[in-house]
Amino acid sequence: MTILVTGGAGYIGSHTCLELLNAGYQVVVVDNLCNSDMESLKRVEQLTGKSITMYQFDARDEKQLESVFSNHNIACVIHFAGLKAVGESVSIPLTYYHNNLVSTMALCKVMKKYNVSNFIFSSSATVYAQDNEMPLHEGGHLGCTNPYGWTKLMGEQILKDISLADPAFSVVLLRYFNPIGAHQSGMIGEDPSGIPNNLLPYITQTALGRLERLTVHGNDYDTKDGTGVRDYIHVVDLARGHLKAVEYATKHQGCEAINLGTGVGYSVLDIIHAFEKENDVQVPYVIGPRRPGDIGSVYADPRKALDLLGWEAKLGIADMCRDAWNWQKQNPRGYRE
Ligand code: NAD
Ligand code: UD1
């Protein structure tokens with residue numbers, strides 16, 4: 001069975017390509033490499049001993065998409081391609097709306113033409129409104145505070161409407177919590193450009209000495225130690241969730257939103273301490289003010305994923321910290337070595 005993976009050279013995409021190949025799927029990638037490097041896919045090929053067909057173009061380009069669909073017998077599309085930096089989306093909203101929404105619509109249009117009806121969408125826990133109780137379940141209130149989040153929520157709505165109009169169209173909206181870690185080989189991992197915004201890449205680069213110290217964004221939240229609590233999920237667990245979603249989509253119809261999280265929340269200090277303990281390194285930090293837009297606690301109710309997909313996260317925080325560090329140590333400058 002052939003799976004089209006858009007954004008397959010990126011962080012989550014590359015880990016998913018690896019799992020797909022290991023499970024016996026054929027993988028076709030479309031990626032314009034605007035936030036990634038071909039090296040990730042070369043390493044996936046090395047790790048699996050299998051090859052990937054890669055097309056480098058923008059997923060908004062319907063003509064080029066058509067040629068991919070006519071060259072390959074695609075059974076399912078996993079759509080990772082998208083821009084994902086929250087702060088940047090506030091500065092250049094039109095770029096975000098255009099990139100993330102037009103790519104989704106172009107894919108749906110071409111899929112319809114080529115009778116391909118299974119779609120897995122990269123959504124995010126950011127689509128939940130801030131007034132929900134924890135843990136977040138899929139029926140919670142939806143609403144966003146930044147353009148990036150809206151591109152995900154609008155993408156979900158577009159796909160839901162298409163599946164309502166065409167009952168053969170099967171969609172799984174995967175709402176990721178906080179993906180961290182790397183493949184255990186240390187050969188593929190997260191490779192942010194510039195100074196990282198997210199916690200784990202900031203920690204690994206601080207431990208390496210590339211950054212002087214981490215600033216903990218606030219210690220006055222209503223959490224066990226006052227620092228922000230999140231549901232961190234190992235990227236390999238997350239990748240495996242996509243394989244379950246592919247199986248589900250090909251056997252069912254309609255549109256389902258499903259959380260991919262562990263259900264367990266860890267604070268910033270928990271993560272720093274787990275990272276130091278697991279890797280026997282120091283992460284110098286200072287406490288700073290809250291980061292605008294952050295909330296105290298975010299964690300998933302992961303039961304729907306277990307009920308519908310038969311998937312649950314297996315790897316723990318020690319695995320996540322070990323694998324993130326292993327990747328960073330082996331690739332201090334990411335893929336740009
Ligand atoms: P990433 O930036 O590493 O990967 C995205 C890939 O898409 C990159 O390889 C980039 O080059 C490609 N791309 C972007 N726009 C494209 C376009 N128009 N045409 C072709 N390729 C394009 O990001 P990631 O962390 O792997 O995230 C994958 C998806 O998951 C994104 O849609 C993101 O919004 C979503 N998501 C990520 C997180 C996270 O924390 N990483 C959380 C929730 C949701
Ligand atoms: C952020 C995005 C979210 C996206 C997610 C992907 C924002 C507001 N939200 O979520 O849309 O889906 O990344 O992973 O950007 N922290 C520090 N110091 C740092 C960095 C982070 O203390 O230098 C804290 C944060 O305050 C938070 C936790 O670490 O409590 C996790 O932060 P981060 O990795 O940025 O993820 P989110 O804020 O959950």
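The values are calculated or read from the model by the stated rules, or taken from the named source; none is laboratory data. Every value quoted in this text rests on a predicted model; they were computed, and no experiment measured them. Cβ: placed from backbone, ideal geometry, glycine included. Neighbour counts: every protein chain shown.
Of all residues in region 2-57, those satisfying the criterion of being out of contact with any Lys or Arg (no Cβ under 6 Å at 6 or more places or on another chain), more than 20 Å from Val116 (Cα to Cα) and among the acidic types (Asp, Glu) are Asp37, Glu39, Glu45.
Candidates in region 197-219 are the residues that are surrounded by fewer than 17 Cβ atoms within 10 Å (Cβ to Cβ) and closer than 23 Å to Ser123 by Cα; of these, the one that is farthest from ligand 2 (Cβ to nearest atom) is Asn197. The condition of being within 14 Å of ligand 2 (Cβ to nearest atom) and either modelled with pLDDT of 95 or more or surrounded by 23 or more Cβ atoms within 10 Å (Cβ to Cβ) (or both) holds for only one of Lys160, Lys152, that being Lys152.
The residues of region 56-84 that are touching a residue at least 24 places away in the same chain (Cβ under 8 Å) and either small (Gly, Ala, Ser) or closer than 14 Å to Gly13 by Cα (or both), listed by number, are Ala59, Ser70, Ala75, Val77, Ile78, His79, Phe80, Ala81, Gly82, Leu83, Lys84. Would you point out the residue of region 288-304, among those that are within 15 Å of ligand 1 (Cβ to nearest atom) and not in a loop (DSSP other than H, G, I, E, B), that is farthest from Asp131 (Cα to Cα)? So the residue we want is Ala300. The listed residues are Leu83, Leu101, Leu94, and the only one of them that is assigned to a helix (DSSP H, G or I) and either surrounded by 15 or more Cβ atoms within 10 Å (Cβ to Cβ) or touching a Cys at 6+ places or on another chain (Cβ under 9 Å) (or both) turns out to be Leu101. Against the criterion of being basic (Lys, Arg) and either within 19 Å of Met1 (Cα to Cα) or within 16 Å of ligand 2 (Cβ to nearest atom) (or both), Lys63 does not qualify. Scanning region 154-186 for residues that are within 15 Å of ligand 1 (Cβ to nearest atom) and among the small types (Gly, Ala, Ser) turns up Gly155, Gly181, Ala182.
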